Amino acid sequence: MRTRLYSIVSALAALVLASCTPASQQSPAEALLDRLTTLVEDGKIMYGHQDDYMYGHAWKLAEDATEYVLSDVKSVTDSYPAVFGTDLGGIEFCWDASLDKNPFKHIREAAIAHHERGGFVTFSWHLRNPLTGGDTWDVTSDQVVASILPGGEKHEYFMEWLANAADFMESIKTADGTPVPIIWRPWHEHTGSWFWWGQKLCTTEQYKALWKMTYDYMAVERGLDHLVWSYSPGSGGLTPERFEERYPGDDMVDMVGFDCYQYSDDAAYIAEMKNALEITCDFAKKHGKLAAVTETGYESIPNPKWWTETLYEAVKDYPVSYVLTWRNACDMEHHYYAPFPGQVSADDFKAFAGLDQMMFL
């Protein structure tokens, strides 16, 4: 009887212990998605800026820098952007610096520093053309995707590129070895035809196969569980059918978004944004995904009230996790998408950062 009673007590103790212990440890990607979901449920929209720590309108990070504190966004708002975006173009060749001339050592350390500030990190990849040897924008052949899929003449060559990208992202860890979660946005703007993986450069089946090959290698074979996979077409001519046409599947996507820039008047931009937001947020709700404006902006921001009266007007009524504006190039006078002190929209940007709905660091 005593033995049986002990067995019952032991079993109950084990049951209680099991109920207090998670069935499985959350991955870094899952933890990031939970944080984002909570922020969206609280009505927050995070602001992001591309290459924020790397350079600004009139400065560039020093080669020997060890701190990541310079920021055009912070110089205006006294806060860092909540999302730090950058690009891995060039990592396929293990270059020392990316296509935007950012040393990869600085990209790694800036991503870690931003994560430790409580922010979020997102990477895109404007990689070279593996078939022609040209750049991302070389669309002289419609056989590039076909050439890198299994059985293609460049498949093994391209798998080395994927390995180099995976090696780099795997190396982004805090001092205690914890991987920094990354919103990973490969094969973006595929509904246009300006990249070699674009709409007219490969079939729907080839695009989906390209995504699956990338996912299977990085997430399954390499086990990179700190990547949040983001699907983001372009906004031009976007319809629900066009948005969904090349969607790889719920099992390989965590977030959905779109890229949309202003090229004409404010009203046209707001209309295009709201159309894309309606489509994206509706799709996200149906598929249980988070939504984002993964790239946007107005080059040189000539409108003094663009932030509060145009961008905010476009996004305020939609449950998007973040809105990221493009970079402030240090070597092109008019190529900037966030203000700096003295820029015509700087005061409005500060007001935008002070809105309850917007989140900066």
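Here, each number is a calculation from the coordinates, and none is a lab measurement. In this text, all values refer to a predicted model and were calculated from it rather than measured experimentally. Reconstructed Cβ throughout: ideal geometry from the backbone, glycine too, with neighbour counts over all protein chains shown.
Magnitude of the Cβ-charge dipole of the chain, K/R +1 and D/E -1, about the Cα centre, nearest 20 debye?
Charge dipole of the chain: 1140 debye, to the nearest 20.
Extending each Cα 7 Å along its Cβ direction at residue 157 and residue 347, get the distance between those two points in nm, one decimal.
Modelled inter-label distance: 5.6 nm.
Compute the long axis of helix 155-170 from its Cα atoms, compare it with the longest principal axis of the Cα atoms of the chain, and write down the angle in degrees, 0 to 90, nearest 10.
80
Using amide H atoms built 1.01 Å from N in the peptide plane, name the residues 5+ places from residue 359, or on other chains, whose amide H lies under 5 Å from its own.
45, 46, 47
Dipole of region 250-361, Cα-centred, from +1 at each Lys and Arg C-beta and -1 at each Asp and Glu C-beta, to the nearest 20 debye?
Charge dipole, region 250-361, about its Cα centre: 240 debye, nearest 20.
Using only Cα atoms, tell me the angle between helix 28-41 and the longest principal axis of the chain; keep it within 0 to 90° and round to the nearest 10.
The two axes meet at around 70 degrees.
Taking the chain as the reference, fit the longest principal axis to its C-alpha atoms, fit the long axis of helix 266-287 to the helix C-alpha atoms, and give the angle between the two in degrees, 0 to 90, nearest 10.
Relative to the chain, helix 266-287 is tipped by roughly 10 degrees.
For the chain, what does the helix formula give at 222 nm: sum of -39500 (n - 2.57) over DSSP H segments with n ≥ 4, over the residue count, nearest 500 deg cm²/dmol?
Calculated at 222 nm, the ellipticity per residue is -10500 deg cm²/dmol.
Can you tell me the length gained on complete extension of the stretch residue 193 to residue 287, counting 0.36 nm per residue apart and subtracting the Cα distance?
31.2 nm is the gain from fully extending residue 193 to residue 287.
If R₀ is 45 angstrom, what is the calculated FRET efficiency for the pair residue 203 and residue 333, using the beta carbon separation as r and rounding to 0.05?
0.65
Give me the distance in nm between label points sitting 7 Å out from Cα along the Cα-to-Cβ direction at residue 25 and residue 95, one decimal.
3.6
If you work out Rg/Rh (Cα atoms, Kirkwood Rh) from the coordinates, which of (1) 1.02; (2) 0.99; (3) 1.06 do you get?
Given (1) 1.02; (2) 0.99; (3) 1.06, the structure-derived one carries the label (1).
Which FRET efficiency value, to the nearest 0.05, is calculated for residue 142 and residue 212 with the Förster distance at 25 angstrom and r the Cβ-Cβ distance?
Using R0 = 25 Å, I get an efficiency of 0.80.
So which GluC sites (Glu not before Pro) in region 289-361 pass both tests, a DSSP loop state and at most 11 other Cβ atoms within 10 Å of the Cβ?
Those that pass, being in a loop and sparsely packed, are 333.
Which pairs break 25 Å Cα to Cα here: 60/289; 274/305; 74/101; 154/200; 74/285?
In this structure, 60/289; 74/285 lie more than 25 Å apart at Cα.
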